Structures are given as C-alpha cells and as structure tokens.
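Here the structure is laid out as structure tokens; the discussion comes afterwards.
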Amino acid sequence: MKKFIEKAVIMDQDQMDRAWKRIAHELLEKNKTLDNAVILGIRTRGLPLAERLKKTIEEIHGLVLPIGVLDINLYRDDLTSLTEQPVIHQTVIPVGIKGKKIILVDDVLYTGRTIRAALDSIIDMGRPELIQLVVMVDRGHRELPIRADFVGKNVPTSKREKIDVLLKEIDGIDRVVIKELMEEDE
Amino acid sequence: MLKAKDLLGLRTLSTDEMDEIMRVAIPMKDIIMRDIKKVPTLRGKSMATLFFENSTRTKSSFEIAAKYLSADCTNLAVSTSSVQKGETLIDTAITLEVMGIELFVMRHGASGAPHFLGRNTKARIINAGDGMNEHPTQGLLDMFTMKDKKGDLGNLTVTILGDVAHSRVARSNIWGLTKYGANVRVVGPETLLPIELQKMGVEVYTDVDKALKGADVVNVLRLQKERQSSGLLPSLVEYNKFWGLTSKRLELIKEDGIIMHPGPMNRGVEIMPEVYEDPRSVVDEQVTNGVAIRMALLFMMLGGKTSDEIN
C-alpha cells in the first residue's frame with residue numbers, strides 16, 4: 001500500500017476563492033464575450049469547481065452560462081492496465097456543443113492524460129469553436145503536449161509528491177495540500 | 001464487478017452484480033443516442049459470436065455493441081464453418097482463441113453448452129441463449145427496461161404470458177426478478193407450464209384474465225414453433241383465442257402498465273398487432289436497451305481487470 005503524509009497546505013479557502021474570481025475576470029478579458037460559452041467540469045472534482053466558476057461569472061458579469069459534466073473514463077488510455085475497473089458515470093451536457101466556446105474545468109493538471117481523454121470525448125460530441133482549460137493547480141510533469149489557459153496556482157512538485165484539492169462539496173473543507181510518498185514497507 | 005469468468009445466467013448472478021450492469025448501461029445508452037456512436041474504450045480487444053441457432057436482434061445487438069465500444073467482433077457463421085465437417089465445439093473455440101479472441105458470445109440449442117465451453121477455454125463466455133435454460137442478456141435488458149419505466153423492481157407485479165416451458169427468456173426473467181423481490185406471475189396453456197415453476201418462487205396461473213389483472217408489466221413470450229413437440233397445442237388460431245394478448249385483455253393491466261416482448265413477434269398469435277402499436281408498448285425500446293446492456297457487459301468483461309484476476 002502506498003502511504004502519503006501531508007507536507008503543507010498550499011492554498012486555503014480564501015486563496016481558492018480569489019483564484020476563481022481572477023480567472024472569471026481573465027476569461028472575459030481573453031474571450032471578449034462569453035455569450036456562446038459552456039462550462040464543462042470533469043468528474044469528480046472538476047464538477048463542483050465548474051459550478052463555482054459558473055456562480056462567480058454570474059456574480060461578476062451577470063451572465064448565466066450552461067454547465068455540463070464530463071466522464072472521461074471511456075476514453076482513458078490505461079483501461080487494460082488498471083488494477084481496478086473505473087466506475088463509469090454519465091456525461092451530461094444540456095446544450096449542443098457545436099460552435100460553442102468550451103471552458104473545461106478540472107482540479108489538478110499533471111500528466112495531461114485526463115485532459116487528452118476529455119478533449120477526445122468532447123470532439124466526439126460535436127465540433128466546438130474552441131476549448132479552454134481552467135485548473136486549480138498545475139503541478140508540472142506533463143507527458144503530453146497540453147497546457148492550461150487559466151491556472152489557480154502553479155506548484156512545482158516532484159513525482160514522489162501528490163496534490164489533493166479538497167472541496168467543501170465533497171470533502172467538507174476547502175484546501176489544497178501537498179503530500180509526500182512514504183517508504184512502502186511498514 | 002462480475003465475480004465469475006463467464007456470464008452464464010441470472011440464476012448465479014447477485015443483485016449487486018445485476019445492479020452494476022444496469023448502472024453501467026445508463027451511460028452506454030447515452031452513446032447510442034449520440035451523433036458519433038463510438039468510443040475508443042475497447043480498442044484492440046477481440047471477441048467472436050458463435051451462434052449455433054438463428055438470431056437477428058441478439059447477434060446484431062452484440063455486434064453493434066462491440067462496434068460502438070471499438071472492439072473487433074468476428075462472426076463465425078456456423079452453417080458454413082468446419083463445424084459442418086465435424087469439428088467439435090471445443091476445437092472450434094480454441095482455434096479462434098489462439099487467433100487472439102478474448103471473449104465468446106455463444107448461442108446453442110443445448111442447455112449448458114456455454115457452461116461446458118467456459119470450462120474449456122481461457123476466453124470469457126457470454127451466454128446468448130442456451131436451449132431452454134437461460135438468456136441472461138435478455139433478462140437483464142428486460143429488467144433494465146422495467147426499472148427505467150416503472151422504478152424499483154421489488155415493487156412490481158410482472159406477468160409472463162405464453163410458452164413458458166420452452167422459454168429461456170422466461171427463466172432468466174424469473175431468476176432475475178425474484179432476486180429483487182418482484183411479484184412474478186406466469187400464465188399459459190397447462191401443456192406449456194413446467195411443473196417445477198412453483199419452486200422458482202412465482203405464482204402460476206392458468207386463467208389469463210386473473211394473471212393480467214393489476215399487472216405493472218406484461219412480458220409476452222414468443223410461441224416457439226420450432227420447439228413444439230406434437231400434441232401440446234391444438235392450433236395457432238386457438239392459441240391466439242385463449243392466450244393471445246388482445247386490446248381487450250390489455251384493459252386488465254394497470255393503466256400505466258407496460259407491454260414487453262423479446263421478439264421476434266408472431267403477430268396475430270401471441271400478440272395482436274394493435275397491442276404492439278399501443279403507446280404502452282416498449283418493445284422497440286427493449287431492443288435499444290439491449291445494445292446498452294451488452295455494451296455494459298462487454299466493457300465489464302473486456303475492459304480493465306477483475307479483482308479476482310489480480311488476486
């Protein structure tokens with residue numbers, strides 16, 4: 001069993017809120033208009049983060065954007081080598097995505113493989129005008145040529161470390177922590 | 001997660017396993033409804049259908065399910081294969097297995113044939129109907145349809161009408177539904193009602209009207225003309241008169257009850273054309289749900305490893 005111990009808190013609730021407010025501003029600045037935008041959260045932690053972004057954009061710009069949820073498990077590239085079969089959930093998108101600006105939301109950007117799967121699954125549902133990626137934490141170590149357009153916080157990590165984005169909706173607390181792998185023997 | 005290597009029947013499946021299959025079928029059904037009906041999930045996986053009996057919907061449904069999940073599916077045409085030269089079932093399967101086939105979907109006229117094959121291959125087996133024993137994927141798609149339309153299976157009264165004796169569909173329905181605590185009634189001519197039915201935990205009726213009264217679901221079985229031995233039925237016309245589902249008999253089921261049929265239909269025999277046309281008929285949706293259930297099973301049996309294999 002791999003065992004991780006918590007090393008430090010790198011974002012608290014305040015910092016997480018501020019990051020999302022900043023990104024809501026940056027989104028409008030970069031896109032000029034968000035009239036044609038749809039927010040998509042990647043299960044599991046991307047969904048509450050997408051809901052928060054929707055709320056923040058509504059508060060700041062008075063704009064109500066449609067929101068959907070993406071399950072990327074059917075598009076994973078490691079299905080046959082996983083030890084446990086992933087649990088498949090529904091992908092629910094309330095509007096057609098053809099010609100839309102997609103704002104894709106996830107908690108942590110790491111190897112880029114989840115985002116690759118998400119991109120494939122979106123494009124199988126239609127041809128959006130563009131896709132932009134929003135993440136709370138970018139921790140580096142990309143294995144694919146993928147980058148985020150909007151990042152809450154860049155955190156340089158080692159591969160022995162792990163980033164956990166804890167969210168009130170799921171974990172009862174808002175906090176980003178960094179953990180380190182302990183020796184595997186007990 | 002499925003516990004056994006092979007999916008042979010609902011008799012040996014737990015409600016946890018059936019719940020999981022029906023749950024995975026929901027996102028699979030979404031894929032069928034999309035413009036691009038394909039996900040790359042099972043790319044590079046190989047399976048074969050091995051049908052020793054005729055089939056339209058089950059065979060094409062498995063084949064379509066495989067295609068939507070990007071698995072490669074080979075159909076062995078038994079009537080033009082070396083089976084006709086006398087090659088045995090095991091040799092036929094092993095020949096395909098050493099070519100890389102990882103899963104067989106098998107239909108056979110002999111009850112227990114898929115069980116026998118499963119013991120002799122490393123490949124996983126899905127029973128697509130064995131003799132008069134079981135047709136588990138039909139049972140699952142029927143329950144999935146009932147659950148979708150009527151909610152919790154434990155609260156339902158389901159009437160299975162017709163040729164129960166020859167019906168593997170009836171057996172899979174009975175094994176599955178009774179595990180969920182559904183109230184299952186079976187009704188048909190006495191010559192087509194096997195004696196051991198009561199032991200399966202169902203109510204046996206010989207009066208159609210009583211059996212239909214207040215039912216949430218009526219599942220009409222196909223009269224299996226190819227399996228009738230002589231003397232069981234006087235004539236098809238008489239069967240229709242006494243046991244066929246007519247609009248008049250339909251008035252007996254609940255107002256919001258649903259009508260099901262596993263197909264192929266003998267119109268004018270066990271079911272009247274206007275009953276199939278009734279808005280409460282879910283016969284076509286059963287076929288769509290069949291693809292979703294089979295996609296779920298293929299994903300669960302070919303994608304990722306089971307915990308047993310890892311241990």
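The values are calculated or read from the model by the stated rules, or taken from the named source; none is laboratory data. Just so it is clear, the model here is predicted, and its values are computed rather than measured. Note that each Cβ is placed from the backbone with ideal geometry, even for glycine, and that neighbours are counted across all protein chains shown. Ligands, DNA and RNA are excluded from the accessible area calculation, which covers all protein heavy atoms including side chains. Shrake-Rupley method; radii C 1.70, N 1.55, O 1.52, S 1.80 Å.
For chain A, what class follows from the C-alpha gyration tensor (a ≥ b ≥ c being the square roots of its eigenvalues): rounded when a/c is under 1.5, otherwise prolate if a/b is larger than b/c, else oblate?
Oblate, since a/c reaches 1.5 and b/c is not below a/b.
Calculate the mean, over all residues of peptide A:115-122, of how many other protein chain Cβ atoms lie within 10 angstrom of the residue's Cβ.
Mean partner-chain Cβ count within 10 Å for A:115-122: 1.
If you average the sequence gap of Cα pairs under 8 Å that are 6 or more apart and divide by the length of chain B, what percent do you get for the contact order?
Computed value for chain B: 21 percent relative contact order.
Would you mind classifying segment B:48-181 by shape? Square roots of the alpha carbon gyration tensor eigenvalues, ordered a ≥ b ≥ c; an a/c under 1.5 is rounded, otherwise it is prolate if a/b is larger than b/c and oblate if not.
Note, shape of segment B:48-181 comes out prolate.
For chain B, compute the orientation-averaged projected area of the C-alpha convex hull (one quarter of its surface), in nm².
16.2 nm²
Could you order B:MET301, B:MET99, B:MET272 so the one with the most accessible surface comes first? Probe is 1.4 Å.
In descending accessible area the options line up as B:MET99, B:MET272, B:MET301.
How much of the accessible area of the protein assembly as shown, in percent, comes from carbon and sulfur atoms when a 1.4 Å probe is used?
Accessible surface attributable to carbon and sulfur in the protein assembly as shown totals 50 percent.
Would you grab the residues whose amide H sits under 5 Å from the one on B:HIS135? Only those 5+ places off in sequence or on another chain, please, with H modelled 1.01 Å from N.
Those lying under 5 Å, H to H, from B:HIS135 are B:SER172.
For the protein assembly as shown, build the charge dipole from Cβ charges (+1 Lys, Arg; -1 Asp, Glu) around the Cα centre, then report which of B:PHE116, B:SER247, A:PHE150 sits farthest towards its positive end.
So the residue we want is A:PHE150.
A:GLU84 versus B:ASN155, label points 7 Å from Cα toward the beta carbon: distance in nm?
3.2 nm
Any idea what log10 I(q)/I(0) is at q = 0.06, 0.09, 0.11 Å⁻¹ for the protein assembly as shown, Debye with uniform C-alpha scatterers and no solvent?
With no solvent term, the Cα-only Debye profile gives -0.36, -0.75, -0.98.
Given the C-alpha atoms of segment B:206-268, compute the convex hull and give its volume per residue in Å³.
91 Å³
Shielding by partners for B:2-14, please: the mean number of other protein chain Cβ atoms within 10 Å of each residue's Cβ.
For peptide B:2-14, the averaged partner shielding equals 0.
Just to make sure I understand: if all protein chains stay in place, what is the order of B:PHE52, A:PHE150 by accessible area at 1.4 Å, largest first?
Sorted descending by solvent-accessible area, the residues read B:PHE52, A:PHE150.
Can you classify segment B:137-283 as rounded, prolate or oblate using the Cα gyration tensor, where a ≥ b ≥ c are the square roots of its eigenvalues, rounded means a/c under 1.5, and otherwise it's prolate if a/b beats b/c and oblate if not?
Note, shape of segment B:137-283 comes out oblate.
Of all DSSP beta bridges located in chain A, what percent are antiparallel, nearest 5?
The answer is about 40 percent antiparallel.
What relative contact order, as a whole-number percentage, does segment B:137-283 give when Cα pairs under 8 Å and 6 or more residues apart are counted?
24 percent
Please compute, for peptide A:68-74, the average count of beta-carbon atoms on other protein chains lying within 10 Å of each residue's beta-carbon.
Mean partner shielding for this stretch: 3.
Excluding ligands, DNA and RNA, what is the solvent-accessible area per residue of segment B:25-167 at a probe of 1.4 Å, expressed in Å²?
With all protein chains present, segment B:25-167 gives 39 Å² per residue.
Can you say what percent of the DSSP beta bridges in the protein assembly as shown, counting only those with both residues inside, are antiparallel? Round to 5.
So the antiparallel bridges amount to about 20 percent of the total.
Between B:LEU250, B:LEU232, B:LEU192, find the one with the highest GNM mean-square fluctuation for chain B; connect C-alpha pairs within less than 10 Å.
Of B:LEU250, B:LEU232, B:LEU192, the Gaussian network model singles out B:LEU232 as fluctuating most.
How many square angstrom of accessible surface are buried between B and A, both sides summed, with a 1.4 Å probe and rounding to 100?
When B and A are taken together, about 1800 Å² of accessible area is lost.
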